[in-house]
Protein chains: 2
Amino acid sequence: MELLLLSNGKANEFPGLLGWARDRVQSLLARKQVKRILLIPYAVIRSDWDARANELTESLGIETISIHHFDDPVAAVNQADAIFISGGNTWRLNQMLHENGLIVPIQRAVRERGVPYVGWSAGCNVAPPSIRTTNDMPVCNAAVLPALGLFPLQINPHYLDASISGHMGETRDERLAEFCAINPSEYVVALREASLLQITGENGSERLEYWSAREQDFKIFKHGQEPQAFMDAAPLAELTPFTVG
Amino acid sequence: MELLLLSNGKANEFPGLLGWARDRVQSLLARKQVKRILLIPYAVIRSDWDARANELTESLGIETISIHHFDDPVAAVNQADAIFISGGNTWRLNQMLHENGLIVPIQRAVRERGVPYVGWSAGCNVAPPSIRTTNDMPVCNAAVLPALGLFPLQINPHYLDASISGHMGETRDERLAEFCAINPSEYVVALREASLLQITGENGSERLEYWSAREQDFKIFKHGQEPQAFMDAAPLAELTPFTVG
């Protein structure tokens with residue numbers, strides 16, 4: 001399985017979409033001999049899907065086509081060299097993945113055929129078992145929570161422990177503590193901007209790596225425990241089927 | 001109908017729960033001769049429900065009892081002098097309102113018997129037709145979106161147009177614009193901290209008022225329009241059955 005789960009798509013000091021992780025993305029695409037990227041831009045509500053595909057092509061130097069150009073989106077996934085799922089609104093994205101019948105085709109492409117999956121922001125939110133740790137507003141009347149389950153723990157992307165002065169709503173830490181109180185058996189991996197998890201290797205012997213372009217930590221949240229910060233994926237090895245190293 | 005829909009429960013410069021709106025809350029309770037407040041604290045996940053009730057009693061000087069002390073929560077609503085719904089996690093609150101069979105009893109209490117409804121933060125989020133404009137994390141596996149529908153427009157509480165430096169997730173304005181793009185016929189009323197909407201009067205001739213303890217504006221979001229800011233409720237009169245004045 002080849003997963004790149006990125007907190008976000010853009011970071012100011014690294015120009016271009018996925019610019020902060022460009023080397024890692026390009027290296028994955030080269031290793032898997034990817035000729036063309038299939039982009040699933042369903043999370044993008046307010047701008048053009050082709051524009052997003054063009055941004056990727058420009059940033060990565062590889063042809064990218066948006067799934068909406070295919071008459072049959074399932075066939076598009078079945079033939080894809082690589083599946084990229086962009087940021088935007090997680091609720092809309094997950095709803096459309098389900099409504100277009102793409103959940104099982106993506107799972108099979110990634111798990112059985114080793115097709116690389118690169119997801120950032122909303123595209124990272126749909127890789128865990130559910131979207132219960134999204135930060136996004138539930139804009140859709142049809143709320144679907146179960147997601148792809150490619151990664152076995154919940155992830156909270158765009159993680160930050162700052163808060164805006166005077167804002168009386170919950171901080172992110174409080175929101176994640178609420179999640180853990182309601183779901184005491186589950187763990188949440190909180191990824192800061194410009195950080196990622198990468199899973200690579202043959203089925204049953206995948207390795208897991210954590211990397212941050214800004215050399216920042218990630219956190220693990222669990223009910224009844226203080227959130228803990230880490231600089232490498234070692235503590236995740238115990239919580240997933242993946243090895244580290 | 002007597003509704004007080006408050007963006008939030010606490011504001012730094014006004015001590016006590018609902019301290020920033022205390023005069024208005026006390027005046028409503030006195031006018032309706034409320035002897036005891038029924039508190040529905042289901043949104044509170046990580047602290048004690050009785051502690052929240054005690055906070056209200058201390059701040060308002062009126063007896064408050066949490067609904068969990070009643071064997072039959074429906075009977076508790078049916079006998080309530082006033083219904084207060086506190087902040088916390090909107091998803092958990094809405095799920096428990098539905099699971100405990102309280103949606104119709106609260107609607108009837110408020111609409112038919114004129115029982116005052118005071119809701120802040122999550123308790124404000126459940127007063128519109130749905131919780132699609134909550135800021136909260138969807139921590140529950142059972143996601144229920146339809147809410148009480150006491151107020152006919154969506155409300156976004158804790159509204160703010162600031163954002164945290166370096167955060168690459170959507171701003172609140174972007175999230176609300178996404179909501180409007182997906183729901184182009186709907187309006188969202190964005191309430192800043194320490195501001196409220198009050199509906200008062202006999203059925204069919206209710207008046208609507210906007211008030212901010214900090215003398216700040218509220219905004220209305222609608223697809224295809226720039227968000228507009230207002231200092232009084234007049235523009236809401238056209239969008240609701242309520243008069244202003």
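Some values worked out for this structure:
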read-out	value
For B:R46, inter-copy label distances in nm, listed shortest first [label point 7 Å out on the Cα-Cβ vector]	2.9
Cα gyration tensor, segment A:163-221 - rounded (a/c under 1.5), prolate or oblate	oblate
Cβ-derived FRET efficiency at R0 35 Å, B:R46 paired with A:R108, nearest 0.05	0.30
Part-to-part distance (alpha-carbon centres) for segment A:164-222 and segment B:185-220, which is given in Å	37 Å
For segment A:99-245: rounded, prolate or oblate by the Cα gyration tensor [a/c cutoff 1.5]	oblate
Threshold 10 Å² - residues in segment A:12-49 whose accessible area is reduced by that much or more when the chain is no longer isolated, probe 1.4 Å	A:N12, A:I45, A:R46
Rounded FRET efficiency, nearest 0.05, which uses the C-beta distance separating A:H69 from B:K32 and R0 of 60 Å	0.50
Cα gyration tensor shape of chain B, rounded if a/c is under 1.5, else prolate or oblate by comparing a/b with b/c	rounded
Angle in degrees between helix A:22-31 and the longest Cα principal axis of chain A, rounded to the nearest 10	50 degrees
Interatomic Cα distance distribution for segment B:103-151, bins of 5 angstrom, percent	5, 19, 29, 23, 13, 7, 2
Percent breakdown of C-alpha pair distances by 20 Å bin, ordered from the shortest bin, for the protein assembly as shown	24, 51, 23, 2
Nearest-first distances (nm) between copies at A:V104, label 7 Å from Cα via Cβ	3.8
Occluded residues from segment A:116-165, i.e. those whose accessible area drops by 40 Å² or more once the chain is not alone (1.4 Å probe)	A:R132, A:M137, A:P138, A:V139, A:N141, A:L145, A:H158, A:L160, A:I164
Calculated label separations, A:Q228, copies of the chain, 7 Å along the beta-carbon direction, nm	5.5
Carbon + sulfur, % of accessible area of chain B - ligands and nucleic acids excluded, 1.4 Å	46 percent
Partner aspartates and glutamates for B:K35 [C-alpha distance under 14 Å; skip if fewer than 8 residues away on the same chain]	B:E63, B:D81
Percentage relative contact order, segment A:197-245, counting C-alpha pairs under 8 Å, at least six apart	39 percent
Degrees, to the nearest 10: A:49-60 long Cα axis against longest axis of chain A	90 degrees
Sequence-distant residues sharing a close amide H with A:Y159 (under 5 Å, placed H)	A:L191, A:R192, A:E193
Rel. contact order, % - alpha carbon contacts under 8 angstrom, at least six apart, segment A:100-245	18 percent
Whole-angstrom Cα spans of segment B:47-114 along principal axes, big to small	30, 26, 21
Size of the A/B contact, given as accessible area buried on both chains, probe 1.4 Å, in Å²	3800 Å²
Average accessible surface area per residue within the protein assembly as shown, 1.4 Å rolling probe, Å²	38 Å²
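The values are calculated or read from the model by the stated rules, or taken from the named source; none is laboratory data. What you see is a predicted model; the values in this text were computed from it and never measured. In this analysis, Cβ positions are derived from the backbone assuming ideal geometry, glycine residues included, and neighbour counts consider all displayed protein chains. Quick note on the areas: whole protein, heavy atoms, side chains included, nothing else; ligands and nucleic acids left out. Shrake-Rupley method; radii C 1.70, N 1.55, O 1.52, S 1.80 Å.
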